[in-house]
Amino acid sequence: MRRPGTRLSVRASTGSLQVAWLLLPAAVLFCTFFLLPLARLALIGGSGPLGWKAYTEALTNARYLDSLLATLLLAAITTIVTLIAATISGVFLSRHQFYGRGLVISMLTLPLAFPGVVIGFLVIMLAGRQGLVPTLTDALFGDRWVFAYSMTGLFVGYLYFSIPRTILTIMASAEKLDPRLEEAARTLGAGPLRIAIDVIVPALRPALFAAGAICFATAMGAFGTAFTLATRINVLPMVIYTEFTLQANIAMAAALSFVLGAITWVALALARTASGTNVAAAG
């Protein structure tokens, strides 16, 4: 006669086997499309004339380091400005019903349908040599303000596709905020600014970290917009493209790509760790 403990052990082993079979397709896809290409990329990065020193070259060479720092700075500024704009707009839209609200949300999220190249052309139409801003400034001040082909133009383009992604996350989280917390703070004499700092922002912290991490990672690796505006833009994706196509330096392009991916992954991991949990966001 089989003991109850034995039956439980058999059931547990059967359940573990079923879970393993269910996870097998995901594991195969993960290894095939992520681990193996990443390992191959790392090996290619160390196969050039510099060998494995290509990775230290990516962090010490003045040209590569300047482009990396410019990319980090641009991604950080884009993330901060995007979070501020998306938080204010997202909280407002989640709490107010007005005529045309659906149209406003649709217009704010419309850039999600555009690839980076199209966004680059929109920036050129706005601030290119024959764009709207230079035409207006020429008529008003006698000077054409052209900034489409600079880091400022790239920053505008990054904002254009970052805000729609972020605002949807903020709106979804803001709808779950407990209004009783704000009522309690208002009863205790807190003003609107104090309520926003002490109640709303902490409650939205997980969403802010998650949206900010995605925004930062997207800005770090975005290529289409930078390629369209790349007259005087020195960001790392463009340097990688130049090394790969114009210089035929495949090993250095791979090393730079690996470094870019590693930095982005670290940023995502830190954001996930810092977000934690927040019960105040529960309705």
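The values are calculated or read from the model by the stated rules, or taken from the named source; none is laboratory data. Here the structure is a predicted model, which means the values were calculated and not measured. Because the Cβ atoms are built from the backbone with ideal geometry, glycine has one as well, and the counts that use them run over all protein chains shown. What goes into the accessible areas is simple: the full protein's heavy atoms, side chains included, and nothing from ligands, DNA or RNA. Shrake-Rupley method; radii C 1.70, N 1.55, O 1.52, S 1.80 Å.
Observations on the structure shown:
- If you go through region 58-83 and keep only what is open to solvent by 60 Å² or more (accessible area, probe 1.4 Å) and either modelled with pLDDT of 95 or more or under 17 Å from ALA217 (Cα atoms) (or both), you end up with LEU69, LEU73, ILE77, ILE80.
- Pairs meeting the criteria (first residue in region 250-270 and under 24 Å from PRO206 (Cβ atoms), second residue open to solvent by 50 Å² or more (accessible area, probe 1.4 Å) and at pLDDT 90 or above, beta carbons under 7 Å, at least 6 apart or on different chains) are lacking.
- Scan region 110-155 for residues that are β-branched (Val, Ile, Thr) and more than 30 Å from LEU69 (Cα to Cα) and the total you get is 2.
- Candidate set: region 85-101, residues that are open to solvent by 80 Å² or more (accessible area, probe 1.4 Å) and part of a helix (DSSP H, G or I); chosen: the one farthest from GLU175 (Cα to Cα): ILE88
- Considering residues of region 214-227 that are open to solvent by less than 30 Å² (accessible area, probe 1.4 Å) and part of a helix (DSSP H, G or I) only, the residue nearest to LEU50 (Cα to Cα): MET220
- Annotation note: Cβ proximity below 8 Å between a residue of region 74-97 that is among the basic types (Lys, Arg) and a residue that is modelled with pLDDT under 90 and open to solvent by less than 40 Å² (accessible area, probe 1.4 Å) (sequence gap 6+ or interchain) occurs for ARG95/ALA174.
- Scanning region 40-56 for residues that are surrounded by fewer than 16 Cβ atoms within 10 Å (Cβ to Cβ) and over 24 Å from the mean Cα position of the chain (by Cα) yields ARG40, LEU43, SER47, PRO49, GLY51, TRP52, LYS53, THR56.
- Against the numbered list (1) exposed (fewer than 15 other Cβ atoms within 10 Å of the Cβ); (2) modelled with pLDDT under 85; (3) polar (S, T, N, Q), ASN234 comes up short only at (1).
- Residues (closer than 21 Å to THR218 by Cβ and either open to solvent by 80 Å² or more (accessible area, probe 1.4 Å) or over 29 Å from the mean Cα position of the chain (by Cα) (or both)) located in region 114-134: PHE121
- Restricting attention to region 230-264, the residues that are of a type in the set (S, T, N, Q) and part of a helix (DSSP H, G or I) add up to 4.
- The helices (runs of 4 or more DSSP H) falling completely within region 135-201 that include 2 or more residues that are of a type outside the set (Ser, Thr, Tyr), open to solvent by 50 Å² or more (accessible area, probe 1.4 Å) and in contact (Cβ under 8 Å) with a residue 40 or more places away in the chain map to 151-174.
- Considering only residues in region 250-283 that are among the polar types (S, T, N, Q) and either at positive phi or open to solvent by 50 Å² or more (accessible area, probe 1.4 Å) (or both), the one that is modelled with the highest pLDDT turns out to be THR273.
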